[in-house]
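Inspection log for the structure reproduced underneath, given as structure tokens.
The values are calculated or read from the model by the stated rules, or taken from the named source; none is laboratory data. Note that the structure is a prediction, hence the values are computed from the model and not measured. Here the Cβ is made from the backbone with ideal geometry for all residues, glycine too, and neighbour counts use every protein chain on show. We work out accessible area using only protein heavy atoms, side chains counted, and drop any ligands, DNA or RNA first. Shrake-Rupley method; radii C 1.70, N 1.55, O 1.52, S 1.80 Å.
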Amino acid sequence: MKEEIRQIIEELLPLVNVDADFLFAELDSLGVTAILMALSQRYGVDLESEDVTPKNFKNLDSLVALVQRKQCSAK
């Protein structure tokens, strides 16, 4: 899942450093929205504005953890 999310972000936002120490700092509001929409659609989870926190968008691993939590809570 991690590599798939990396690929999604790289395709959506080619100028963003996905491996940045603090991914949230690399993103503007449109970038965050694009990521939320793409991951929601791809993984069938509801990612909303409340999910946009520095903790959830800290790095690629934290985004993967967010999607996994949402998948588990949807079951």
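Scanning region 41-61 for residues that are assigned to a loop (DSSP other than H, G, I, E, B) and at negative phi yields VAL45, ASP46, LEU47, GLU48, VAL52, THR53, PRO54, LYS55, ASN56, PHE57, LYS58, ASN59. Restricting attention to region 19-66, the residues that are among the hydroxyl-bearing types (Ser, Thr, Tyr) and closer than 18 Å to LYS2 by Cα total 3. Listed by first and then second residue, the pairs linking a residue in region 25-44 that is touching a residue at least 12 places away in the same chain (Cβ under 8 Å) to a residue that is assigned to a loop (DSSP other than H, G, I, E, B) and open to solvent by 80 Å² or more (accessible area, probe 1.4 Å), with Cβ atoms under 9 Å apart and 6 or more places separating them unless they lie on different chains, are LEU36/GLU48.
Sub-9 Å Cβ pairs linking a first residue in region 6-24 that is under 16 Å from ARG42 (Cα atoms) and open to solvent by 80 Å² or more (accessible area, probe 1.4 Å) to a second residue that is of a type outside the set (Lys, Arg) and in a loop (DSSP other than H, G, I, E, B), at least 6 apart or interchain, are GLU10/VAL16; GLU10/VAL18, ordered by first then second residue.
Yes or no, residue by residue, for (1) open to solvent by 70 Å² or more (accessible area, probe 1.4 Å); (2) hydrophobic (A, V, I, L, M, F, W, C); (3) more than 17 Å from LEU13 (Cα to Cα):
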{"residue": "GLU26", "(1), (2), (3)": "yes, no, no"}
{"residue": "VAL32", "(1), (2), (3)": "no, yes, no"}
{"residue": "MET37", "(1), (2), (3)": "yes, yes, no"}
{"residue": "SER40", "(1), (2), (3)": "no, no, no"}
{"residue": "VAL45", "(1), (2), (3)": "no, yes, yes"}
{"residue": "ASP51", "(1), (2), (3)": "no, no, yes"}
{"residue": "LYS55", "(1), (2), (3)": "yes, no, yes"}
{"residue": "LEU66", "(1), (2), (3)": "no, yes, yes"}
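Taking the listed residues ALA38, ALA25, ALA65, ALA34, the one that is in contact with an Asp or Glu (Cβ under 9 Å, 6 or more places away or on another chain) and part of a helix (DSSP H, G or I) is ALA38, with no other qualifying.
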